[in-house]
1. Computed FRET efficiency, Cβ-Cβ of Leu308 and Lys265, R0 22 Å: what is it to the nearest 0.05?
2. Pop out the ³J(HN,Hα) list for the range 356-362 in order, Karplus 6.51 cos²θ - 1.76 cosθ + 1.60 with θ = phi - 60°, rounded to Hz; leave Gly and Pro as x.
3. Which distance in nm do the two modelled labels at Lys2 and Lys456 give, with both placed 7 Å along the Cα-to-Cβ direction?
4. Cut-off is 10 Å between beta-carbons; in what order do Lys284, Lys264 appear when sorted fewest neighbours first?
5. Using the Karplus curve 6.51 cos²θ - 1.76 cosθ + 1.60 with θ = phi - 60°, what ³J(HN,Hα) values do you get for each residue of the range 69-74, in whole Hz, with x for Gly and Pro?
6. For the range 378-508, give the magnitude of the charge dipole about the Cα centre (Cβ charges: +1 Lys/Arg, -1 Asp/Glu; no others), in debye to the nearest 20.
7. Rounded to the nearest 0.05, what FRET efficiency is calculated for Gln438 and Lys183 with R0 set to 56 Å and r the Cβ-Cβ distance?
8. Mind scanning Lys162/Lys395; Lys387/Lys456; Lys237/Lys507; Lys418/Lys456 and naming the pairs with a C-alpha gap bigger than 29 Å?
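Nothing in this text is a laboratory measurement; each read-out follows from the coordinates by a stated rule. The shown structure was predicted, so the numbers you read here are calculated from the model rather than taken from an experiment. Cβ sites come from the backbone with ideal geometry, for glycine too, and all protein chains shown count toward neighbours.
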Amino acid sequence: MKKNNWILFGFIIIKFILQYVLVNPVYDLQRDEYLHLDQGNHLAWGYISVPPVTSWLSFAINLLGGSVTLVRFVPALFGALTILLVWKIVEGLKGNLFALILGSLSVLVSAILRVNILYQPNSLDVFFWCLFYFTFLKYINTSNSKWLYAMALAIAFGILSKYNILFLFIGFLPAILLSEHRKVFGNKHFYISIGITLIIILPNIIWQWRNNFPTINQLHELQSTQLVNVRRIDFVKDQFLYFISSFFVIIAAFVSLLFYSPFKKYRIFLWSYIFTLSLFIYLKGKSYYAIGLYPVLIAFGAVYLEALLAKGWRIYLRQLTILLVLVLSAPIFLVGFPTKTPAQIYANNKIYKDLGLLRWEDGKDHAIPQDFADMLGWHELADKVEKAYDSIPDKAHTLILCDNYGQAGAINYYAKDKSIKAVSFNADYINWFDLKKQYANLIRVKESDGALDEMKVSAPFFDTAFISGSITDSLAREYGTTVFVFIKAKVDINKRIQKEIEAHKHKLE
């Protein structure tokens with residue numbers, strides 16, 4: 001094996017090691033991960049929350065035992081593949097060993113490392129953005145139409161992983177028109193490749209149509225509940241923070257794409273960045289939506305810096321450049337990962353506050369970062385629900401109804417008794433109720449906001465009612481979530497559930 005390949009292999013090994021050691025074992029999985037894992041038990045061509053690719057991966061994970069180690073392996077794998085793509089892009093730009101190392105290191109210690117600790121579509125999203133850029137760069141370099149077909153596959157499976165990649169495509173079209181590569185519009189293979197993309201994503205489009213396009217409603221809800229709290233200045237600031245260790249490499253990319261003559265034919269990548277980022281800013285997108293824009297820029301910047309530092313005394317600055325990336329990455333490792341316990345973060349949370357990391361999607365500051373709070377209390381909840389379930393003699397006719405998808409998914413993931421199947425009117429769980437079974441008992445998992453009234457509202461409809469337990473971790477986002485047990489219903493539970501399902505589905509329409 002050549003020396004370069006050994007170095008690449010080393011980066012990939014380090015990547016996998018970091019993805020495991022940067023998560024303190026005190027944390028559970030994050031709330032979204034439970035939903036994605038449960039989707040693997042309900043395969044379909046679409047979901048309310050995400051496209052289907054994640055469910056395919058979840059099916060494989062569940063088939064192989066579903067361990068936390070395996071769950072964390074998948075995003076780490078796509079992160080490693082992103083590094084591989086950056087390596088190949090640098091090679092395509094005629095970069096040598098210094099550029100290969102600088103580019104790979106810059107991606108390794110960026111916000112992508114943070115993205116890859118969670119089993120969410122975001123890791124796939126970044127990978128497919130990078131794959132799209134790689135395939136188009138290959139097309140520019142070779143004029144071989146096979147790369148248009150490869151680009152079509154990248155877009156298609158990117159869409160089936162996360163709809164976010166549509167913003168890349170929308171931003172790329174005007175970039176093509178501004179560049180010398182607009183002649184691609186006269187290439188029949190370009191249109192055939194678009195047709196292939198549409199054929200691949202057609203089953204998902206049909207699913208959306210048959211289900212009244214619930215994702216569009218989801219986007220409207222996201223806009224009114226979360227994106228309304230996004231400040232455009234924070235979006236811009238976060239772009240810098242996400243790549244703080246390699247910001248000078250990205251600046252070098254901008255300079256090179258504007259003024260470096262060997263990169264003149266690649267200027268389309270700069271225009272694509274400008275159009276896509278402007279679109280996100282205008283629509284008040286979340287900061288991490290744009291992360292996929294940067295790996296290709298890092299590749300350009302690394303090759304350009306290699307050329308700048310190729311002669312005379314400047315060649316000695318190469319080692320300093322590598323060292324600078326490592327030094328500037330220190331803040332990422334200090335506050336960007338759940339390496340500290342929640343109590344340690346809470347006791348020293350000023351630095352998190354100063355960096356805006358305590359600001360949750362509700363626009364308010366909290367005790368610890370939202371993602372970390374979303375990784376607490378789930379195992380405790382599942383244990384208490386299972387204890388409540390065991391206390392009911394007639395388990396076969398017991399419904400476990402939760403307020404949100406995180407609760408339902410965590411219960412289903414951690415419960416030792418696999419006959420336990422929690423559901424919710426929230427997210428995709430609304431489609432997973434088994435109403436063929438007549439329910440007589442109810443375990444109700446209520447968020448803290450609605451827990452006070454639950455006993456008063458529901459107890460009159462059952463012979464027996466009691467509180468089984470609640471989440472006691474005060475730093476968990478689910479702190480105060482309570483488990484209620486109701487036995488022997490005096491009313492038809494199924495009829496009421498069916499009515500609620502219809503009402504919630506009507507809202508989705």
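1. Working: r = 20 Å, r/R0 = 0.89.
So, using R0 = 22 Å, E works out to roughly 0.65.
2. For the range 356-362, the Karplus-derived couplings read x, 7, 8, 7, 8, 5, 7 Hz, x marking Gly and Pro.
3. 7.4 nm
4. Working: Lys284 16, Lys264 13.
Listing Lys284, Lys264 from fewest to most nearby Cβ atoms yields Lys264, Lys284.
5. 4, 5, 4, 6, 5, 5
6. On the way: 19 positive and 19 negative charges, 99 e Å.
Dipole magnitude for the range 378-508 comes out near 480 debye.
7. Numbers: r = 66 Å, r/R0 = 1.18.
Rounded to the nearest 0.05, the efficiency is 0.25.
8. Numbers: Lys162/Lys395 38 Å; Lys387/Lys456 23 Å; Lys237/Lys507 36 Å; Lys418/Lys456 31 Å.
Beyond 29 Å between Cα atoms: Lys162/Lys395; Lys237/Lys507; Lys418/Lys456.
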